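S.K.: To start, I am sharing the structure in question, which I have written as structure tokens.
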Amino acid sequence: MPRLRVGVLISGRGSNLQALIEAAAEPHYPAEIVAVISNRADAQGLQRAASSGVPRHVIANPDRAAFATAADGVLRDARVELVALAGFMRILDTGFVERWGDRMINIHPSLLPSFPGLHPQRQALAAGVKFSGCTVHFVRVAVDTGPIIAQAVVPVENGDDEDRLAARILAAEHRLYPLSVRLFAEGRLSIDGNRVVIAGAAAPSAALLNPAER
Ligand code: GRF
């Protein structure tokens, strides 16, 4: 069976990209990473793509519309069917989001709709929540909004600082993103308004990682 063709947009470290590349290396994983686009030439994720033989592209154009046109071209040439934003730190052109919206997903290190935007782990600590986590969602024009596909819950522990909490959430991200791409690739996701229905799953079992389970 042909595997889903995924394009990943990054700006930096690329650890989520790495998690997707590793998942795709499994023989039965239903998706493959066919293109990586970075808006920064120095993104560490580009090296990860190179070491895995994934075609990589730098589109550093600061103009939003020009970036979108170039990215569209790369994604189409690579016959991409799903775009995964993985630490992509630029606001995308509205037309680009509208074109790809139901075929474009993002991962954010909080339980959305809590703590959108920058420094979500710092926001979680400031709010004093006992749990935070991460969210994979379809992308809509407003930043960090869109129908939620899956979430992982992570405890906030005594003595956490931003880095410790971020590291604990990141470990969950590396499990949640490949799971979400798998659900998409298996054709199990349908969008109903602001909700995502997962076929064959008694929600939230397929969409939630239990912090008690290591
Ligand atoms: C992750 O925490 C992701 O949720 C957020 O940016 C970070 C990117 O990390 N959107 P990496 O580049 O995947 O290592």
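S.K.: Quick check on my filter: what residues within the stretch 164-177 are more than 12 Å from the ligand (Cβ to nearest atom) and either touching a helix residue (DSSP H, G or I) at 6+ places or on another chain (Cβ under 8 Å) or aromatic (F, W, Y) (or both)?
M.R.: Answer for the stretch 164-177, where residues must be more than 12 Å from the ligand (Cβ to nearest atom) and either touching a helix residue (DSSP H, G or I) at 6+ places or on another chain (Cβ under 8 Å) or aromatic (F, W, Y) (or both): just R175.
S.K.: Considering each of L111, L170 in turn, give the residue that is of a type in the set (A, V, I, L, M, F, W, C), assigned to a loop (DSSP other than H, G, I, E, B) and either more than 30 Å from R3 (Cα to Cα) or touching a residue at least 40 places away in the same chain (Cβ under 8 Å) (or both).
M.R.: L111
S.K.: With the requirement that a residue be within 19 Å of A172 (Cβ to Cβ) and crowded, with 16+ Cβ neighbours inside 10 Å, what does the stretch 130-150 give you?
M.R.: S132, G133, C134, T135, V136, H137, D144, I148, I149, A150
S.K.: Would you say A43 is modelled with pLDDT of 95 or more, under 19 Å from the mean Cα position of the chain (by Cα) and away from the ligand (no atom under 16 Å from the Cβ)?
M.R.: Answer is no for this residue.
S.K.: Are there any pairs, at least 6 apart or on different chains, whose C-beta atoms fall under 6 Å, with the first in the stretch 58-72 and buried (at least 17 other Cβ atoms within 10 Å of the Cβ) and the second at pLDDT 95 or above and part of a helix (DSSP H, G or I), and if so, which?
M.R.: Note: pairs meeting the criteria are I59/F67; I59/A70; I59/A71; A68/F96.
S.K.: Still on this structure, I have one more. Could you tell me whether any residue of the stretch 91-101 is surrounded by 21 or more Cβ atoms within 10 Å (Cβ to Cβ), under 30 Å from V154 (Cβ atoms) and in contact with an Asp or Glu (Cβ under 7 Å, 6 or more places away or on another chain)?
M.R.: For the stretch 91-101, residues surrounded by 21 or more Cβ atoms within 10 Å (Cβ to Cβ), under 30 Å from V154 (Cβ atoms) and in contact with an Asp or Glu (Cβ under 7 Å, 6 or more places away or on another chain): absent.
S.K.: Let me ask you something else. Name the residue that is surrounded by the most Cβ atoms within 10 Å (Cβ to Cβ), counting only residues in the stretch 162-196 that are among the β-branched types (V, I, T) and within 18 Å of T145 (Cβ to Cβ).
M.R.: V196
The values are calculated or read from the model by the stated rules, or taken from the named source; none is laboratory data. The shown structure was predicted, so the numbers you read here are calculated from the model rather than taken from an experiment. Methodologically, a virtual Cβ is constructed for each residue, glycine included, from the backbone with ideal geometry; neighbour enumeration extends over all protein chains shown.
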